[in-house]
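Have a look at the structure below, then the notes.
Bear in mind that the values in this text are calculations on the coordinates, not laboratory data. Predicted, not measured: the structure shown is a model, and the values here were computed from it. Note that we place each Cβ from the backbone using ideal geometry, even for glycine, and neighbour counts take in every protein chain shown.
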Amino acid sequence: MIGDGTPASCTSDAVVAAVAAGGIITFDCGPAPVTITMTATAKIRNAAGPRIVIDGGGLVTLSGDGKHRILYMNTCDREQGWTTPHCDNQDHPQLTVQNITFVDGNASGAGADGGPDGGGAIFVRGGRFKLVNTMFLRNRCDSTGPDVGGAAVRVLDQFEDLPVYVVNSTFGGAPGQGGECSNGGALSSIGVSWVVLNSVFSHNSAIGFGANPARAGTPGGGSGGAIYADGNRFTIHIAGSLIEHNDAVEGGGAVFFVSNDRTGALSIEDSILRDNHSGGFETRGYPGIFFLGAEPPTISGSALSP
């Protein structure tokens with residue numbers, strides 16, 4: 001438990017300590033909504049858990065103050081504890097983040113909590129990860145680079161290639177509230193599968209330029225206004241979701257999906273994709289989407305419009 005019933009007791013130091021300890025983390029900051037300004041990144045210790053839940057109870061906002069990534073988990077980071085010899089494929093920690101808001105996270109730059117991997121609010125590598133009823137506003141990561149992304153969330157590796165679940169969550173949602181990064185104004189991953197259910201992505205931007213691989217004379221980036229996914233065999237399933245008013249300087253104003261060995265699959269069910277701008281390229285017949293995979297995207301019960 002973080003806090004003793006007062007807003008003043010809910011501090012950055014308390015969050016950092018609780019996250020490092022692991023377990024079921026809840027907040028007691030009083031009856032009113034509270035914003036906790038993080039002065040450091042909260043980091044998961046790989047020996048904590050194996051199950052870790054961070055539950056804001058619908059009242060808590062964690063702010064990076066435009067200076068810090070907010071939450072970090074990396075099973076291959078020896079500083080967080082080396083727990084198996086196969087760090088990129090282990091079943092723990094199993095992290096669930098729910099009923100909480102992340103604002104003004106920033107992973108730009110080359111600092112210990114920033115660097116070129118992205119994940120302005122949350123960075124995850126390894127174990128298992130799930131988002132439920134979580135909101136992301138105004139998060140940032142590096143503005144250029146061919147394979148950096150995820151203003152809100154960046155994920156690399158999951159145990160046995162099981163998917164990341166995103167349920168009933170919002171990324172942006174209003175003008176001026178979206179995320180910005182070189183690629184993936186909301187989500188970004190390499191070789192990671194996603195199941196996105198009943199969620200909203202709007203007003204997010206991929207602001208790099210030069211694509212991936214970077215064109216000569218450019219820094220690269222600019223793809224996946226909302227979602228950027230790269231790698232070999234992976235899948236993305238989007239259902240019951242709204243993806244609108246996102247922008248990519250290069251390709252995939254809504255979704256950029258590239259399976260390098262053409263084994264990956266994208267499916268969209270009972271969803272609306274509209275007014276997602278692709279400045280450079282997208283796949284004909286699929287407004288807002290750039291797709292290279294095993295077969296054409298599977299679209300059912302959904303409306304895609306420019």
With the radius of gyration and the Kirkwood radius both derived from the Cα set of the range 185-273, what is their ratio Rg to Rh?
0.98
Could you compute how fast the range 230-306 diffuses translationally, taking Rh as the Kirkwood radius over C-alpha pairs and applying Stokes-Einstein at 37 °C with viscosity 0.692 mPa s? Give it in µm² per second.
270 µm²/s
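With the contact rule set at Cα under 8 Å and sequence spacing of 6 or more, what percent relative contact order holds for the range 1-149?
The normalised contact order for the range 1-149 reaches 21 percent.
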Before rounding to the nearest 500, sum -39500 (n - 2.57) across all DSSP H runs of length at least 4 in the chain and divide by the residue total; then give [θ] at 222 nm in deg cm²/dmol.
-1000 deg cm²/dmol
Over the chain, relative contact order from alpha-carbon pairs under 8 Å, at least 6 apart, %:
10 percent
Over the range 252-306, relative contact order from alpha-carbon pairs under 8 Å, at least 6 apart, %:
48 percent
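Taking each pair of distinct Cα atoms in the chain once, what is the resulting Kirkwood hydrodynamic radius in Å?
That comes to 18.7 Å for the chain.
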Could you grab the Rg to Rh ratio for the range 113-216? Cα atoms only, Kirkwood for Rh.
0.97
P(r) histogram, all alpha-carbon pairs of the range 1-103 included - 10 Å bins from 0, percent:
16, 47, 28, 8, 0
E269 versus S9: modelled label distance in nm, points set 7 Å from Cα along the beta carbon direction
4.5 nm
Over the range 52-172, how many percent of alpha carbon pairs lie in each 10 Å bin up to the one with the longest distance?
15, 45, 35, 5
Rounding to the nearest 10 and keeping the result within 0 to 90°, find how far the Cα-based axis of helix 12-21 lies from the longest principal axis of the chain.
80 degrees
So what's the net charge close to N232: Lys and Arg +1, Asp and Glu -1, counting the other residues with Cβ under 12 Å from its Cβ?
-1
Taking the beta-carbon count within 10 Å as an exposure proxy, list I227, I122 from fewest neighbours to most.
I122, I227
